[in-house]
1. In region 134-145, is there at least one residue being closer than 30 Å to S26 by Cβ, in the same structural domain as I96 (by TED's automatic domain parsing), in contact (Cβ under 8 Å) with a residue 40 or more places away in the chain and touching a Leu at 6+ places or on another chain (Cβ under 8 Å)?
2. Have a look at A51, A28 and point out the one that is assigned to a loop (DSSP other than H, G, I, E, B), among the aliphatic types (A, V, I, L, M) and under 24 Å from L205 (Cα atoms).
3. Between P148, P130, P166, which is touching an Asp or Glu at 6+ places or on another chain (Cβ under 8 Å), surrounded by 19 or more Cβ atoms within 10 Å (Cβ to Cβ) and either modelled with pLDDT of 80 or more or within 19 Å of L43 (Cα to Cα) (or both)?
4. Residue under question is A199, and the condition is that it be surrounded by 20 or more Cβ atoms within 10 Å (Cβ to Cβ) and within 16 Å of the chain's Cα centre (by Cα); does it hold?
5. With respect to G687, determine if the residue is outside the structural domain of L748 (by TED's automatic domain parsing) and at positive phi.
6. Hey, among E182, E202, E226, which residue is more than 24 Å from L20 (Cβ to Cβ) and acidic (D, E)?
7. Going by the structure shown, is Y152 closer than 26 Å to L184 by Cβ, hydroxyl-bearing (S, T, Y) and not in a helix (DSSP H, G or I)?
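The values are calculated or read from the model by the stated rules, or taken from the named source; none is laboratory data. No experiment lies behind these values; they were computed from the predicted model shown. With ideal geometry, Cβ positions are generated from the backbone for all residues, glycine too; neighbour counts draw on all protein chains shown.
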Amino acid sequence: MTERPKITVLTVGTEAPEVLESLLESDAIDLSIVCFNLLDYELPPKVENAASQHYRDELQNALKIISPANYSLSDSLKNLLMENDRLTLSEEDLAIVNHVNQIEQNSQNLVMAYQILLEETKRQNISLIPLVDDEFQILAFKNKKYAPLRFYATQNELLKENPPPPPDKTKRKYDEKKLTIENLDDLETVKLGEKGKKAIQESDLIVIYPSDITSFGILVKAKELEKQIKKISTKIVLIWPFEVNRVASEVEHEIAETLNFGSTLDDLGKDIADLTDYIIIDKSDKEHVDNLREVGCHVLVSDLSENGDTKNPHLLETIFSVGNFNDLLDRDKSEVVATSSTEVTKSTNEGTGESNTPEQDIVLKKTISQLAESPEEAGEGKSAKKSSHVKDPLLEEILADPEESTSVQGTTTREVIVKDKKETNKLDRKPTSALSKSDDSSFGKLEEEDWVDAVKRGIESIFTHKNAPALEWLIAESKEDSDKEVQIAQTLLSNWISARTIKARRTGAETIFKLSEVGRETYLQVLTKQMLSAVFDGQEDVRRRLIQNLSVLTEIGPSLSEQLIRGLARQLSNPSDATPAIVEIAKLTIIQLVINSRKLSRVAIQVFLDILDKEPGSSAQIWNILTTFDAGSVAIELVTNFSIDKAEEIVRRANFLKLTGSVYTIITEVLNAWETGDKDAIAQSTGLILPEETLRKFDRLELARKVQKLKMVQLSALAESLGKDTETVERLVTELIVNDELKAEIKLIEEKMYIVAEENPNS
């Protein structure tokens, strides 16, 4: 490796990442420590006339590891600080807290304070940076008390002092008995600081190490921040130091519930899959790998405990393997790999008179160290099995046992290097500078090249380099011939399904959406056919990847996903000639496709309710699916899409629904509230905000109730009472009459327009 690799460690939590200690020992890397300072806080003094103390956990923990000998206290100062300390800190921690506060008081801003603290450590290859530049304090309120959120999370208590005035001078509104958290709106819009953003963008690898669930949940909750990190092309690996099936504490669970994020790894799996390229879990939790991969996580297994040793070689080896940092692997393994690669190179060049260039050596060594993805392969060094997505037989032999692969007959160095480059490009997020030059200003079929091969080459260059000319060529070819369009769609989808990184999945989704603008029906048909085939033919791996990839497509092209779900929901809801097992997988697939999107869930529910209306015989199977959705959402769609009579009929036909308990209760409560026009009762029963179209229909029905109550009313007078123009009210009334939601007619009486309600025969 010609330059020292750049590694950024994002500390997230109240304890220092163990991996820092090992990384700090290496002079062969440039290390950026980005401190997650969103949960830093200031406590009021415990004793009279004492100064407030800032608590910056990540910063203080990093300093304690980087330069522990720099901080000490005199006896007099120590006693004063201990008297004012709310957290019962050790003398060492008190010394660092005090020193950080002193530096901050004499600095112009937080970024400068970090820089001064770093300079004091006298470390040349380290950067110490706050994640955000602004001061930010998140407060928790309950029972007329308050505390900074991290204080409450770690100390399990609230302060007795009166809460500070809100920053905007408005009166706070919160439930005294339930936990309320302030500044969430600001949290969701906060952005990376300039130095933090630069460090992350320029790294060769980003390591996220959360030491407590609440801190990681806050990172997920900071939507704009998470969005910025996801856009960065560098590989991101998350180390999960907790037991997968750990039980959250009462406070952790309370905070997670209030902020609407999970308190376990299973809950957070989808967020982790979206944010990272790899997650490393402890070998003791290996049996949870399949569950995590179900939601799209690329899971690696390492020995995180290492008998309590903070300098963990297995963890470090796994991290370096993710980044392809061969030179940083432990000395013995480096020598083995170097020896074997040299011997292979010699054997392939025997009799040719050729020798490898330094660039060729780098490519060969880099490919040998490509990280395998199955749990048995991660962190196992030379005994690792080869990943299933590396196809080169030479590399299989080297990775199986480098010491035994001393020669490969019939293979030239040029062939090895070409194969290696192709495999490296597929796995690496960052293309080499040489390969980047292949992004030409034009793209087209080469002489004597088959058209299909040109398509494959174009799609590969889009995935690797986002080659705009290649995309333009594919669009032009799609417009030219419908058969070509189908072939392009099938090839593109195949590449997308096999994509392994966030960047590749997103690039594929963007490409599919752009090409679908040329022929949307083609892409809907190909995507539908692939998903149905994956479900009915038992292609479980393809099914999981498609579900994961379609969630990315929904972010980029929601309209395309909505159309796709309308077709898939109908075809998967009640498959004919399918075994019970396939029927259950089809049902599971629908739920997994839509569960994380309110809009897609509504689309699926609408499809199922339409089937119930038009195909009464399918009632049992459709309700079997509908009861997996939120009952309030189902009830809202019922009253939005059908008249109250039709909605009640659909529910009445499902006699068994009464056995579902809360589902039936909520649906009937909503139907009753809708019929009486009690909007607040609907909100209370469902706990949901009513969609726009539901509110519009509610307003129309309110108009109908008013007409029925008045029996006869002049159109202009009704419009004036509603604050609307006469034409709008006339249109609304006409819609109500046509939709059979109002039994009335519009009459001209003495040259004035009246709405006359019909007599209700049941009244």
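1. Taking region 134-145 and keeping what is closer than 30 Å to S26 by Cβ, we get none.
Within region 134-145, not a single residue is closer than 30 Å to S26 by Cβ, in the same structural domain as I96 (by TED's automatic domain parsing), in contact (Cβ under 8 Å) with a residue 40 or more places away in the chain and touching a Leu at 6+ places or on another chain (Cβ under 8 Å).
2. On the way: A51 fails: under 24 Å from L205 (Cα atoms).
Residue meeting the stated conditions: A28.
3. Values: P130 fails: touching an Asp or Glu at 6+ places or on another chain (Cβ under 8 Å); P166 fails: surrounded by 19 or more Cβ atoms within 10 Å (Cβ to Cβ).
Criteria check complete, one pass: P148.
4. Values: surrounded by 20 or more Cβ atoms within 10 Å (Cβ to Cβ): yes; within 16 Å of the chain's Cα centre (by Cα): no.
For A199, the condition - surrounded by 20 or more Cβ atoms within 10 Å (Cβ to Cβ) and within 16 Å of the chain's Cα centre (by Cα) - is not met.
5. Details: outside the structural domain of L748 (by TED's automatic domain parsing): yes; at positive phi: yes.
So G687 fits the description; yes.
6. Numbers: E202 fails: more than 24 Å from L20 (Cβ to Cβ); E226 fails: more than 24 Å from L20 (Cβ to Cβ).
Exactly one of E182, E202, E226 is more than 24 Å from L20 (Cβ to Cβ) and acidic (D, E), namely E182.
7. Numbers: closer than 26 Å to L184 by Cβ: yes; hydroxyl-bearing (S, T, Y): yes; not in a helix (DSSP H, G or I): no.
Answer is no for this residue.
A quick yes/no check of all residues on (1) of a type in the set (A, V, I, L, M, F, W, C); (2) farther than 18 Å from S618 by Cα; (3) crowded, with 17+ Cβ neighbours inside 10 Å:
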| residue | (1), (2), (3) |
| --- | --- |
| Q548 | no, yes, yes |
| L560 | yes, yes, yes |
| G567 | no, no, no |
| E584 | no, no, no |
